[in-house]
Amino acid sequence: MMYDLPKQLEIDGELHDIRSDYRAALDIIAALNDPELSNREKNIAVILILYPEYAKITNAKKAIDKAMWFLAGGRQDDKSSVNILYDWEQDFPLIVSPVNRVLGKEIRDIPYDPKTNTGGLHWWTFLSAFYEVGDCSFAYIVSIRDKLKKGKKLEKYEQQFYRENKNLIDLNVKASSEEQDLIDKIMHDNL
C-alpha cells in the first residue's frame, strides 16, 4: 500500500519531481483528449506539463507510463472497459462545487505556482474528493448519461431535465480539424 502522496516519480532508478497539483493533471488530460495533437505531441505535452525538469528525463516511454499511473491515482487502469460518462474539461464547473464541499474549501483559491512547483492541491487528494461527491447536480447528470448510454428509459422528470439541459448532459464530441472539415462538407452537400 502507498500512504504518501507522490511528488516524485522513479524512472530508471532516478527520482524526478512532478507537478502534483490537480491543475497540472487536468491540463495533461486536456492535452491527451485534444484531437488536434498527434500521439507524439500528446506525449511531449505530458512530459512538459508533469515534469518541471523534463530535460533530465532520459527514458520518455517510462516517464509517460509513470505519468499515466499517476493520473490514474496509482492504479493501473484498464481503458478497454471504460464507459465514459464525464469529461473533465466540460464538467469541471459541475465537479468543482461538490469537490469543494467534500474538502470543505474552495480549491480554486489554493495558491499554486507551476514554475516553482509550490503550493496547490495534490491530484490524488482531488481524486479522492471527486470519488466522494455523493448526491449533487453532477452525479444526477452522470446518472442520466449512464441511462442514455445503456438505452434505459428515463423517468418523466429526467426526460424534462434532459430536454431543458441537453448542453449539460450531452458530452461534446471533439473532432480534429480534418474531421470537422469532413462533417462541414457533408452538411453543406446535404443542405
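Compute, for segment 1-66, the length of the dipole vector about the Cα centre, with Cβ point charges of +1 (Lys, Arg) and -1 (Asp, Glu) only. Units Debye, rounded to 20.
Working: 9 positive and 12 negative charges, 17 e Å.
Here segment 1-66 has a charge dipole of around 80 debye.
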**Message:** Can you give me the distance in nm between label points at Lys115 and Lys153, each placed 7 Å from the Cα along the Cα-to-Cβ direction?
**Reply:** 6.0
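Roughly how many debye, to the nearest 20, is the charge dipole of segment 29-174 about its Cα centre, given +1 on each Lys and Arg Cβ, -1 on each Asp and Glu Cβ, and no other charges? It would help to have the intermediate numbers written out before the result.
Details: 22 positive and 20 negative charges, 85 e Å.
In debye, rounded to 20, segment 29-174 gives about 400.
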**Selection from Leu50, Leu154, Pro6, by position along the positive dipole direction of the chain (Cβ)** = Leu154
**segment 130-138 - phi-based ³J(HN,Hα) in whole Hz, Karplus 6.51/-1.76/1.60, Gly and Pro as x** = 4, 5, 10, 4, x, 6, 6, 4, 4
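With a sphere of radius 14 Å drawn around the Cβ of Ile141, what net charge do the other residues whose Cβ falls strictly inside it have (Lys, Arg +1; Asp, Glu -1)? Don't skip to the end; give the middle numbers.
Numbers: positive: Arg145, Lys147, Lys149, Arg163, Lys166; negative: Asp87, Asp91, Asp135, Asp146, Glu158, Glu164, Asp170.
Residues close to Ile141 contribute a combined charge of -2.
Can you run the Rg to Rh ratio on segment 1-82? Use alpha carbon positions and the Kirkwood inverse-distance Rh. Let's see the in-between values first.
Working: Rg = 12.5 Å, Rh = 13.2 Å.
Answer for segment 1-82: 0.95.
Any chance you could run the full-extension gain for Arg75 through Val173? It's 0.36 nm times the residue separation minus the Cα-Cα distance, nm to one decimal.
Numbers: separation 98, 0.36 × 98 = 35.28 nm, distance 2.70 nm.
Stretched fully, the Arg75-Val173 segment lengthens by 32.6 nm.
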**Asked** With the chain treated as a Gaussian network of Cα nodes joined by springs under 10 Å, which of Gln90, Gln76, Gln160 yields the largest mean-square fluctuation?
**Response** Gln160
**Message:** How compact is segment 83-169 by the rule of thumb for globular proteins, expressed as Cα Rg over 2.2 N^0.38 Å?
**Reply:** 1.30
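So between Ser128 and Glu106, what do we pick up on full extension, going 0.36 nm a residue minus the alpha carbon distance?
Values: separation 22, 0.36 × 22 = 7.92 nm, distance 1.55 nm.
That pair, Ser128 and Glu106, stretches by 6.4 nm at full extension.
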**Residue-normalised accessible area of the chain, expressed per residue, 1.4 Å probe, Å²** = 65
**Computed [θ] at 222 nm, deg cm²/dmol, the chain (DSSP H ≥ 4; -39,500 (n - 2.57); rounded to nearest 500)** = -16000 deg cm²/dmol
**Fill in**
HN-Hα couplings for segment 19-29 via Karplus (6.51, -1.76, 1.60; θ = phi - 60°), in whole Hz with x for Gly/Pro, come out as 7, 8, 5, 4, 5, 5, 4, 5, 5, 5, 4
**Fill in**
Working note, the chain: Cα radius of gyration (Å, one decimal) and Dmax (Å, whole number) are 19.2, 60
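The values are calculated or read from the model by the stated rules, or taken from the named source; none is laboratory data. Note that the structure is a prediction, hence the values are computed from the model and not measured. Neighbour counts are summed over all protein chains in view; Cβ atoms, including those assigned to glycine, are modelled from backbone coordinates with ideal geometry. All accessible areas refer to the heavy atoms of the entire protein, side chains included, with ligands and DNA or RNA removed. Shrake-Rupley method; radii C 1.70, N 1.55, O 1.52, S 1.80 Å.
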